[in-house]
Amino acid sequence: MTEQAPDHEQGPPTATEILKHEHQLVMLVVEAMEREADKIETTGEIDFDDVARMVDFSENFTDGCHHAKEEKSLFPRLRESNAGMQAPTSVMLQQHESGRQRIRAVDAALPAARQGDADATRLVAENLRAYAVGLRDHIGKENEVLFPMADGILSSDDQRRLAIEFDRIESEEVGAGVHEKYHAMARELAGKGA
Ligand SMILES: [Fe+2]
């Protein structure tokens, strides 16, 4: 998947465009996870440095940066604007949580896998794959269903305010320079599949 810049021709990107752009970055790592799961299942060998970076990216970019914007800013705004958004945003939150559990399971299996434990090695591959499959489906639902609904509900002022909140979440809660670090990491992991 090629990462593409959001459409800036009509002015600054909207909140949902910012999130869709981040999805492109997340998908680079999801694809790398699927390749790693295939390789582990074929060879029984784990690239521990790469898997550690996949866990780091998933915890600190996908969850700490991207899901934080959705959970702290976009979803509450949608629920305030439209009671009908309660159910779809609750489903999205559950999917974020099941992804967190999969990443914790990968992380928990790594020490034994390093010692050559075959069951732990299998758990690393299984949970990488389950995370990747789940997140691919989740991102598809957000891009194709939830964000178009959000675009219909939010005014352009709402979108602008959310984009400002995203900047605040990124600078105050995630930290300066973190976004760039994870952009570089995603591209490196993606480059290994080229
Ligand atoms: Fe998302």
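Residues with beta-carbon under 15 Å from that of residue 176, excluding residue 176: net charge, scoring Lys, Arg +1 and Asp, Glu -1?
-3
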Q: Under 24 Å between C-alpha atoms is the cut-off here; go through region 15-189 and count lysine pairs that meet it, provided they're at least eight residues apart or on different chains.
A: 8
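State the extension gain, in nm to one decimal, for the chain segment bounded by residue 82 and residue 114, taking 0.36 nm per residue of separation less the distance between their alpha-carbons. Let's see the in-between values first.
On the way: separation 32, 0.36 × 32 = 11.52 nm, distance 4.89 nm.
Gain on stretching residue 82 to residue 114: 6.6 nm.
With all protein chains present, how much of the accessible area of the chain (probe radius 1.4 Å) comes from carbon and sulfur, to the nearest whole percent? The partial results should precede the final answer.
Details: 4780 of 9550 Å².
Accessible surface attributable to carbon and sulfur in the chain totals 50 percent.
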Q | DSSP-loop trypsin sites (Lys or Arg not before Pro) across region 118-155, with at most 16 other Cβ within 10 angstrom | A | none
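Hydropathy at least 1.0 by Kyte-Doolittle, axial extent at least 24 angstrom from the Cα trace: which helices of the chain, defined as entire DSSP H runs, fit?
Numbers: long enough: 15-43 (42 Å, -0.23); 86-114 (43 Å, -0.51); 118-141 (35 Å, -0.17).
Span-like helices in the chain: none at all.
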Q. Residue 164 to residue 48: FRET efficiency via 1/(1 + (r/R0)^6), r the Cβ-Cβ distance, R0 30 Å, to the nearest 0.05?
A. 0.15
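With a probe of 1.4 Å, find how much accessible area region 15-189 has per residue, and write the answer as a whole number in Å².
Working: 8000 Å² over 175 residues.
The answer is 46 Å² per residue.
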Q: Describe numerically, in nm with one decimal, the distance between label points set 7 Å from Cα along Cα→Cβ at residue 90 and at residue 192.
A: 3.9
Q: Among 75, 19, 132, flag the residue with its Cα farthest along the positive direction of the charge dipole of region 15-189, charges on Cβ as +1 for Lys/Arg and -1 for Asp/Glu.
A: 75
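The values are calculated or read from the model by the stated rules, or taken from the named source; none is laboratory data. A quick note: this is a predicted structure, and the numbers were derived from the prediction, not measured. Glycine also receives a Cβ, built like all others from the backbone with ideal geometry; neighbour counts cover every protein chain displayed. Only protein heavy atoms, including side chains, enter the accessible area calculation; ligands, DNA and RNA are left aside. Shrake-Rupley method; radii C 1.70, N 1.55, O 1.52, S 1.80 Å.
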